[in-house]
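> I'd like to ask you about the structure that follows.
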Amino acid sequence: MERRRADIELLAEKLQYSPAVAILGARQVGKTTLALQAAKLLQKEHLYLDLESGLDLAKLSDDPETFLDFYKDKLVILDEVQVMPVLFTRLRSIIDRHRVNGRFLLLGSASPHLVNGVSESLAGRVSYLDLNPFRLSELYPDFAQQKHWFRGGFPRAILANSDAEYQDWASGFVRSYVERDLSHLFGYNLNPEINRKLWLMLAHLHSSILNTEDLGRSLGVTAPVAARYTDFLTGAFLTYKLLPWHTNNGKRLVKSPKIYIKDTGLLHHLHRINTLEDLLLHPIVGASWEGYVIEQIMYHKPAELDLYYYRTHSGTEVDVVLVQGNRPISCIEIKYSNAPKVNKGFFIGIEDLATEKNYIITPGSDTYPFKQAVVCSLWDFIQGHLSHIVRRTSI
């Protein structure tokens with residue numbers, strides 16, 4: 001399955017104005033495929049090296065600068081670049097000696113600032129592209145929204161011929177991360193049992209406020225250790241934290257992040273939910289739908305917008321606040337019902353934040369106004385509303 005041409009063209013554009021481009025995303029999300037498609041689009045001769053291959057790693061281990069300078073007129077694709085942290089230091093001088101755009105394409109499955117041994121920044125020399133699982137707009141209507149929500153967006157989950165095959169893939173994916181990959185990615189000797197327990201706990205805390213002290217007590221470790229292990233899951237693009245929006249309105253605000261499993265297909269596997277029918281009857285259905293909608297907003301939003309949530313200690317809560325610059329411009333309530341009942345706390349939040357464009361997102365309802373908001377389906381929001389939320393200012 002190919003990525004939308006827009007993704008390939010964006011990568012090709014970045015290669016034309018930056019010496020190096022880093023594609024960051026979880027394992028098996030499609031980074032290598034995207035890189036090779038972009039090289040083909042540019043019709044540029046390239047060299048591909050997989051640093052998890054002993055043969056390719058050996059080529060660079062002795063003298064990476066001399067080796068890479070030999071291919072200075074090619075696009076060099078370095079896959080799983082975090083395996084060789086010293087490269088970040090070497091690439092800085094290699095790029096500075098022969099600075100031409102489109103020289104390196106770095107593929108990484110871990111956030112570089114968390115990788116043990118990475119002490120050198122490539123600031124000013126690298127452009128970043130975050131590659132997420134497939135978005136709804138890349139699949140719909142050929143791949144139904146509910147099936148996408150249930151299986152998530154990883155290519156192997158989408159291409160599975162049955163739910164059993166998808167579950168088998170997810171089982172191997174989770175097991176490899178727990179037993180090997182997290183330690184391998186970051187260069188630390190992590191405890192597999194803590195990794196396993198933590199991932200399961202976070203699946204049950206999905207869409208809840210993150211409290212690392214409580215998490216540490218449950219795991220039998222200190223709060224700093226629990227926070228460190230949680231950061232590794234986030235750094236491997238497997239979880240994400242939704243930060244609270246702070247405002248000086250005199251109200252007591254919740255200031256801790258909410259935690260989410262990044263892909264709902266993995267979330268459902270961790271909950272041992274085997275079919276879509278099981279999901280619809282499971283207590284986590286509402287939290288799962290909330291996470292899915294937030295994922296899709298993240299993947300489709302204009303670059304000018306940032307996502308937060310808003311909650312006061314008195315009970316006022318907004319699931320998502322879209323912020324442009326330092327100004328909230330949209331409040332969003334997420335409901336797994338096509339006839340949503342909305343608490344008054346949402347509308348108090350709208351008043352607190354003085355947002356003008358507000359939405360109540362459902363799986364598949366009609367679009368209609370409701371008090372200070374608009375009720376609409378997720379698909380209608382993505383296709384018809386999201387791109388128009390950004391405030392345009394004249395120069």
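FYI, it's all coordinate maths here, none of it is from the lab. Just so you know, these numbers come straight off a predicted model, no measurement behind them. Note: ideal-geometry Cβ built from the backbone for every residue, glycine included; neighbour counts use all protein chains shown.
> Find out how many positive minus negative residues lie around residue 315, taking Lys and Arg as positive, Asp and Glu as negative, among other residues whose Cβ is under 15 Å from that of residue 315.
-1
> Counting pairs on different chains as well as pairs 8 or more places apart, how many Lys pairs in region 5-130 have Cα atoms under 17 Å apart?
Taking region 5-130 as the scope, the lysine pair count is 10.
> For region 170-267, what does the relative contact order come out to in percent, with C-alpha contacts under 8 Å and a separation of six or more?
Relative contact order for region 170-267 comes out at 29 percent.
> Among (1) 61; (2) 55; (3) 51, only one was calculated for this model; which label is it, if the read-out is percent of Cα pairs over 28 Å apart?
Among (1) 61; (2) 55; (3) 51, the one derived from this structure is (3).
> Take every Cα pair under 8 Å in region 256-385 that's 6+ residues apart, average their separations, divide by the length, and report that relative contact order as a whole percent.
The value is 16 percent.
> Next up: Under a Cβ-Cβ cut-off of 12 Å, what is the net charge of the residues other than residue 191 that fall near it, where Lys and Arg count +1 and Asp and Glu count -1?
Numbers: positive: 196, 197, 228; negative: 179, 193.
Surrounding charge for residue 191 is +1.
> Filter the DSSP H helices in the chain by two things, a Kyte-Doolittle mean of at least 0.0 and an axial alpha-carbon span of 15 angstrom or more, and list the hits by number.
Flagged H segments are 31-42, 86-97, 223-235, 285-300.
> Still on this structure: Specify which residue in the list 167, 337, 106 is farthest towards the positive end of the charge dipole of the chain, using unit charges on the beta carbon of Lys, Arg (+1) and Asp, Glu (-1), about the Cα centre.
Projecting each Cα onto the dipole axis, the largest value belongs to 337.
> Would you order 258, 371 from fewest to most other beta-carbon atoms within 10 Å of each residue's own beta-carbon?
So the residues, fewest neighbours to most, are 371, 258.
> Residue farthest toward the positive end of the dipole of region 5-130, with Cβ of Lys/Arg at +1 and Asp/Glu at -1: which of 67, 84, 37?
37
> With a cut-off of 8 Å between alpha carbons and a minimum separation of six or more residues, what is the relative contact order of the chain in percent?
12
> Within the set 258/344; 301/335; 197/341; 301/371; 241/371; 241/357, which residue pairs have Cα atoms separated by over 28 Å?
On the way: 258/344 21 Å; 301/335 19 Å; 197/341 35 Å; 301/371 24 Å; 241/371 30 Å; 241/357 24 Å.
Listed pairs above 28 Å: 197/341; 241/371.
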